[in-house]
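Have a look at the structure below before the remarks.
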Amino acid sequence: MYNDGLKNMPEIITPAQATNLKHLWHLYIIQVNLDLLDIKRNEFIQKLSDNNISSSVNFIALHLHPFYRNNFIFYGEFLNAEKAYECIISLPIYPAMSSEEVQL
């Protein structure tokens, strides 16, 4: 349902899907196309929250975790990881999720 609902929104990049496999979704991670928005990812998350839609960031680039950030200077060394971190958001997904909850 997420894929269908978001497919015509160029601001949102949905997860790639294999055509010959059935995915057992435990996370549904979108990428926010920041080039098409006037806000950053955290502001996007706040707007979701303002509309009672929970979301989170499940993956933080390793070098941005506090231990590495505080003890080493890696910022700017892994640009692809940093760019991915800045635009990914996990939307809620769970087995008992209703169609109405997805459509919010």
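The values are calculated or read from the model by the stated rules, or taken from the named source; none is laboratory data. Remember, it's a predicted structure, so these values are computed and weren't measured experimentally. Quick reminder, even Gly has a Cβ in these numbers, built from the backbone with ideal geometry, and neighbours come from all protein chains shown.
Quick notes on this structure:
- For the range 1-34, the candidate set comprises residues that are out of contact with any strand residue (DSSP E or B) (no Cβ under 7 Å at 6 or more places or on another chain) and among the aliphatic types (A, V, I, L, M); within that set, the residue that is nearest to GLU100 (Cα to Cα) is MET1.
- Selection within the range 56-78 - surrounded by 10 or more Cβ atoms within 10 Å (Cβ to Cβ) and either among the aromatic types (Phe, Trp, Tyr) or assigned to a helix (DSSP H, G or I) (or both): PHE59, LEU62, HIS63, LEU64, TYR68, ARG69, PHE72, PHE74, TYR75, PHE78
- Residue-level check: of (1) in contact (Cβ under 8 Å) with a residue 60 or more places away in the chain; (2) in contact with a Lys or Arg (Cβ under 8 Å, 6 or more places away or on another chain), VAL57 misses just (1).
- Index of the failed condition, SER49 passing every other in (1) touching a residue at least 12 places away in the same chain (Cβ under 8 Å); (2) among the polar types (S, T, N, Q); (3) surrounded by fewer than 15 Cβ atoms within 10 Å (Cβ to Cβ): (1)
- The range 1-45, residues that are surrounded by 13 or more Cβ atoms within 10 Å (Cβ to Cβ) and assigned to a helix (DSSP H, G or I): TYR2, LEU6, LEU34, ARG41, PHE44, ILE45
- Selection status of TYR85, among the hydroxyl-bearing types (Ser, Thr, Tyr), at pLDDT 90 or above and within 25 Å of ALA96 (Cα to Cα): no
- In this structure, SER98 does not satisfy being small (Gly, Ala, Ser) and either in contact with a Pro (Cβ under 8 Å, 6 or more places away or on another chain) or modelled with pLDDT of 95 or more (or both).
- Members of the range 86-102 that are β-branched (Val, Ile, Thr) and buried (at least 16 other Cβ atoms within 10 Å of the Cβ): ILE88, ILE89
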